[in-house]
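Here's the structure, in structure tokens; my notes come after.
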């Protein structure tokens, strides 16, 4: 069984002060896979002190220095792509077709920040004032277990580009991935304390990061409930926050869409990362007049999905991350049945032929009301609700009838109409007639899907504070 018994503070691997041991299970075999020695509040304080000392020393770093650090980080992560992919698959069962792009995206985060930093105007003239964009200081980066590498690297890249130092608290459920990624990042040889990585629980390490006055900003990706708790705690010291939270994203099929072309995208949107994705399109909005056609097509897509060994390239859906998550998804499937939705495919239990592992049957419900819990609450599994509408106005109203506003998908046979509908959906990102990967487009949500944005110039400026200087002598 793998032992993870170090954390990373001030450029060194150290034994945590914390004494709690956590056993992680293999989600495919349900056998013990790793034992993790978790950090505690004392470790968080040590990491914050290291980041603070590093910021005092590195706070005046030049653009060129930071670009060099980003390039070195990119190089080591890119070189470790295969190793990172294998560990991601092994630890939490992320399918190969999702895990490998995640590892690639992690390396690309540093390259993207490097390009952005090359031209970003940290000083500009605004009226009679000189506005200087200054780093916030020490930032706390709290990341989830799904796509662990990508979240750590994208947040860290922007913190470094801005001129900040970082304390990173990844999810304890991704401890093996974090341990590997930390060792990869260490190879870059960047200044000690520039980043510090401590794996611990949210109610210990996370809570200390939230309340500590030495942290200037928190960037958190995770559930809406935890995000609200972080926001409440952060206000005590007026920390800046970026919160990328949950979603219940609509996929809107307009009545002029080519359903045969759209449905594979709709299925992928609903089940990406085995459905364990905040931007999953888990509400399929379909014109009532074409409901039968839509149901037949989406059921065919779901029934063609392969559930099983995440290491195999043909696998679409791997296991849920833990037994708790497996049981949560099973609970929602049962609730959908109890609420009166029509089970079109899938259902309770494991797929046929899989006797163990946290595998879920890809499930589609028809005759779903937008008021049912399966249509309103984030399930985080491969469960899709098909909802009918009568006209475009109702489609938009249903798409927006949610506490969330992270993501949306629109399919139409006429681009002008698709653009019009997309502009009316309250969401941080809307994809039209496809799935896309644009690393510099802002990512974040409206309503209870979060505050602020990640990625690109919008993400960078979340780590900067504008200072206006009046009477500035431009001749100097």
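The values are calculated or read from the model by the stated rules, or taken from the named source; none is laboratory data. Owing to the predicted nature of the structure, the values given are computational and were not obtained by experimental measurement. Don't worry about glycine lacking a Cβ; one is built from the backbone with ideal geometry, like all the others, and counts go over all protein chains shown.
Quick notes on this one:
- Residue selected from region 369-387 under the condition in contact (Cβ under 8 Å) with a residue 60 or more places away in the chain and in contact with a strand residue (DSSP E or B) (Cβ under 6 Å, 6 or more places away or on another chain), by the criterion surrounded by the most Cβ atoms within 10 Å (Cβ to Cβ): 384
- Residue check, residue 102 without any contact (Cβ under 8 Å) to a residue 24 or more places away in the chain, within 30 Å of residue 319 (Cα to Cα) and surrounded by fewer than 23 Cβ atoms within 10 Å (Cβ to Cβ): no
- If you check 142, 152, 168 for being surrounded by 24 or more Cβ atoms within 10 Å (Cβ to Cβ), without any contact (Cβ under 8 Å) to a residue 40 or more places away in the chain and in the same structural domain as residue 101 (by TED's automatic domain parsing), only one passes: 168.
- Residues satisfying the stated conditions in region 270-312, i.e. within 20 Å of residue 86 (Cα to Cα), surrounded by fewer than 16 Cβ atoms within 10 Å (Cβ to Cβ) and in contact (Cβ under 8 Å) with a residue 12 or more places away in the chain: 312
- Taken as a whole, the structure places residue 83 among residues that are exposed (fewer than 15 other Cβ atoms within 10 Å of the Cβ), in a helix (DSSP H, G or I) and under 26 Å from the mean Cα position of the chain (by Cα).
- The set of residues from region 313-344 being free of Cβ contacts under 8 Å to residues at least 60 places away in the same chain and outside any helix (DSSP H, G or I) comprises 314, 340, 341, 342, 343, 344.
- Of the residues in region 218-229, not one is in a loop (DSSP other than H, G, I, E, B) and within 28 Å of residue 61 (Cβ to Cβ).
- Residue count for region 230-253, restricted to those that are under 10 Å from residue 449 (Cα atoms) and assigned to a helix (DSSP H, G or I): 0
- The listed residue being modelled with pLDDT of 95 or more and within 20 Å of residue 147 (Cβ to Cβ), out of 317, 298: 317
Residue-wise test of (1) within 18 Å of residue 304 (Cβ to Cβ); (2) touching a helix residue (DSSP H, G or I) at 6+ places or on another chain (Cβ under 8 Å).
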site	(1), (2)
328	no, no
335	no, yes
339	no, yes
351	yes, no
375	no, no
384	yes, yes
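- Boolean, residue 292 is farther than 20 Å from residue 433 by Cα, in contact with a helix residue (DSSP H, G or I) (Cβ under 9 Å, 6 or more places away or on another chain) and not assigned by TED's automatic domain parsing to the domain that holds residue 143: no
- Neighbours by Cβ (under 8 Å, 6+ apart or cross-chain): first from region 27-43, at positive phi; second surrounded by 14 or more Cβ atoms within 10 Å (Cβ to Cβ): 30/357; 30/358
- Some residue of region 370-377 being assigned to a strand (DSSP E or B), within 25 Å of residue 222 (Cβ to Cβ) and within 23 Å of the chain's Cα centre (by Cα): no
- Filter pass, residue 118 being out of contact with any helix residue (DSSP H, G or I) (no Cβ under 7 Å at 6 or more places or on another chain), surrounded by fewer than 20 Cβ atoms within 10 Å (Cβ to Cβ) and at pLDDT 95 or above: no
- Among the residues of region 274-286, those that are out of contact with any strand residue (DSSP E or B) (no Cβ under 6 Å at 6 or more places or on another chain) and over 14 Å from residue 375 (Cα atoms) comprise 275, 276, 277, 278.
- Once region 61-80 is narrowed to residues that are touching a residue at least 40 places away in the same chain (Cβ under 8 Å) and part of a loop (DSSP other than H, G, I, E, B), the residue that is surrounded by the fewest Cβ atoms within 10 Å (Cβ to Cβ) is 61.
- Subset of region 31-60 [surrounded by fewer than 18 Cβ atoms within 10 Å (Cβ to Cβ), modelled with pLDDT of 95 or more and part of a loop (DSSP other than H, G, I, E, B)]: 31
- Condition check for residue 361: crowded, with 22+ Cβ neighbours inside 10 Å, closer than 24 Å to residue 260 by Cα, more than 23 Å from the chain's Cα centre (by Cα) and at pLDDT 95 or above: yes
- Of the criteria (1) surrounded by 15 or more Cβ atoms within 10 Å (Cβ to Cβ); (2) closer than 20 Å to residue 373 by Cβ; (3) out of contact with any strand residue (DSSP E or B) (no Cβ under 6 Å at 6 or more places or on another chain), which one residue 319 fails: (2)
- Among residues of region 442-466, those that are more than 15 Å from residue 159 (Cβ to Cβ) and either in the same structural domain as residue 401 (by TED's automatic domain parsing) or surrounded by 15 or more Cβ atoms within 10 Å (Cβ to Cβ) (or both), counted: 10
- Condition check for residue 75: within 19 Å of residue 311 (Cα to Cα) and assigned by TED's automatic domain parsing to the domain that holds residue 180: no
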